[in-house]
Amino acid sequence: MSDLFEAAGLTPEAPAPLADRLRPKSLDEVVGQDHLLGPEGPIRRMAAARRLSSMILWGPPGTGKTTIARLLAKEAGYEFQQLSAVFSGVADLKKAFEASRLRRVSGHATLLFVDEIHRFNRAQQDGFLPFVEQGVVTLVGATTENPSFELNGALLSRCQVFVLRRLGSEALNVLLERAETFEGRALPLDPAAREAMVAMADGDGRYVLSLAETLFNIAPGHALTPAEMGQALQKRSPAYDKDREEHYNLISALHKSVRGSDPDAALYWLARMLEGGEDPLYIARRLVRMALEDIGEADPLSLILANAAKDAYDFLGSPEGDLALAQITVHMAAAPKSVAVYKAFGAATAMARETGSLTPPSHILNAPTRLMKDLGYGKGYAYDPETEEGFSGQNYFPDGVERRVFYTPKGEGAEARVKERLERWVALRAKHGG
């Protein structure tokens, strides 16, 4: 009588996915990670010495983290034991540590591989510490998240962190060639469609092999064009998680591209965020900040246009409103830049904190009462617009405080005219003794 697993086709005889059948048999077969596994790579040297250190493998999905851990254990002569933080709890960890302790007594080392290690909470992560320190296990943790944010500092201090790179087109094409050799036939794709499928994989080796397996299974009678391939395969969204590190990486890339006056790169990162499902109003808020922080008085119109773009998106929504964000992105990337106001306000804030509650000089205080007039409030105040030069040169800092210069215009764009006026006023202030 068949059980539920047999009914679902999950018996041992069920064929494994192509990606699993093509899993590398040695570290030499792993593609795209030569900086770690090449002749001088740190992981390769550990394997050759047959002495492994605890480590964290950090990288995108489908870059070989699990495979590398398995092959490390095999080539270094360690017993391989695997746990997933998604499905395991404290009881599973205790069993794993006890089994490792017994192996150690009999002279065998254990490589404990923990997939998605960042999903263990802080207390569970602390549970690894004594066993790693005593050498009961050599821990290899795999994570797609930044270890600096997701793992305890104490655990990180006991592990080396190795960064796996997303697979480039060359590495992905090597995997496709292996798949074709294994299947004994070429993929039913013309060159343009093959290139498009590699791009669709977005650096994920497991995913590109899944796409290849789908194409082998449907076995069309001719080489597919990119359009035909798009109909046969479901396109997935680019890697992007609004609550994780990629969110901050992409907004940082957009901000720095605008600041660096590169409208083309800025448009690319804007499109990546919108395609990934980012809230457009979040992007709009960041664009307003860029107008204030990086452009300032060099092009004061940028702040007005950034707010207008936000309002336009709010009014139109997607996809029409996306163009408003693109327009202001290009405008600000092409605009002159100045952080003079940004820096000036920071310096003024620092002085305000230093000087406490000093009052303004009496000549610029209003005197609405007789007592205040008797005390000298407003005495000697010069009304600048009525002076011959439209500038009195009076002191506006608190009495007894040396005048400081916070705002030093860069002289780019509209700020060039501001700089000229300020320089003229400095000369007039010296002339009037202010």
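The values are calculated or read from the model by the stated rules, or taken from the named source; none is laboratory data. These numbers come from a predicted model, not from an experiment. Positions of Cβ are generated from backbone atoms using ideal geometry, with glycine treated the same way; all protein chains shown enter the neighbour counts. What goes into the accessible areas is simple: the full protein's heavy atoms, side chains included, and nothing from ligands, DNA or RNA. Shrake-Rupley method; radii C 1.70, N 1.55, O 1.52, S 1.80 Å.
Taken over the range 247-271, the residue count meeting the criterion of being modelled with pLDDT under 90 and under 21 Å from SER318 (Cβ atoms) is 3.
Of the residues making up the range 48-65, none is of a type outside the set (D, E, K, R), surrounded by 19 or more Cβ atoms within 10 Å (Cβ to Cβ) and free of Cβ contacts under 8 Å to residues at least 60 places away in the same chain. Within the range 138-153, the set of residues being out of contact with any Phe, Trp or Tyr (no Cβ under 9 Å at 6 or more places or on another chain) and either among the small types (Gly, Ala, Ser) or within 25 Å of LYS74 (Cβ to Cβ) (or both) comprises SER148, GLY153. Filtering the range 126-140 to residues that are closer than 26 Å to PRO60 by Cα and either among the β-branched types (Val, Ile, Thr) or buried (at least 21 other Cβ atoms within 10 Å of the Cβ) (or both) leaves PHE128, VAL132, VAL137, THR138, LEU139, VAL140.
Scanning the range 336-363 for residues that are open to solvent by 50 Å² or more (accessible area, probe 1.4 Å), among the aliphatic types (A, V, I, L, M) and within 32 Å of the chain's Cα centre (by Cα) turns up VAL339, VAL341. Just one of GLU415, GLU420, GLU388 is of a type in the set (Asp, Glu) and at pLDDT below 85; which is it? From the options GLU415, GLU420, GLU388, the qualifying one is GLU388.
The number of residues in the range 293-328 that are under 18 Å from GLY277 (Cα atoms), in contact (Cβ under 8 Å) with a residue 40 or more places away in the chain and surrounded by 15 or more Cβ atoms within 10 Å (Cβ to Cβ) comes to 4.
The helices (runs of 4 or more DSSP H) found wholly in the range 308-410 and carrying at least 3 residues that are among the β-branched types (Val, Ile, Thr) and over 30 Å from LEU428 (Cβ atoms) occupy 322-334. Taken together, the criteria place ALA85 among residues that are at pLDDT below 90 and among the aliphatic types (A, V, I, L, M). Number of residues in the range 423-434 that are at pLDDT 80 or above and either closer than 23 Å to GLU293 by Cβ or open to solvent by less than 70 Å² (accessible area, probe 1.4 Å) (or both): the value is 3.
Only residues that are of a type outside the set (A, V, I, L, M), assigned to a helix (DSSP H, G or I) and surrounded by fewer than 16 Cβ atoms within 10 Å (Cβ to Cβ) were counted across the range 101-120, and they come to 1. Among the residues of the range 158-174, those identified as hydrophobic (A, V, I, L, M, F, W, C) and not in a loop (DSSP other than H, G, I, E, B) are VAL161, PHE162, VAL163, ALA171, LEU172, VAL174. No other residue among ARG289, ARG272 is outside any loop (DSSP other than H, G, I, E, B), closer than 30 Å to TYR407 by Cβ and either open to solvent by 70 Å² or more (accessible area, probe 1.4 Å) or free of Cβ contacts under 8 Å to residues at least 40 places away in the same chain (or both) apart from ARG289. Taking the range 175-203 as the region of interest, how many residues are within 30 Å of SER54 (Cα to Cα) and modelled with pLDDT of 90 or more? Final tally of qualifying residues: 1. For the range 397-422, filtering for residues that are surrounded by 11 or more Cβ atoms within 10 Å (Cβ to Cβ) and either within 28 Å of GLY356 (Cα to Cα) or free of Cβ contacts under 8 Å to residues at least 12 places away in the same chain (or both) leaves 15.
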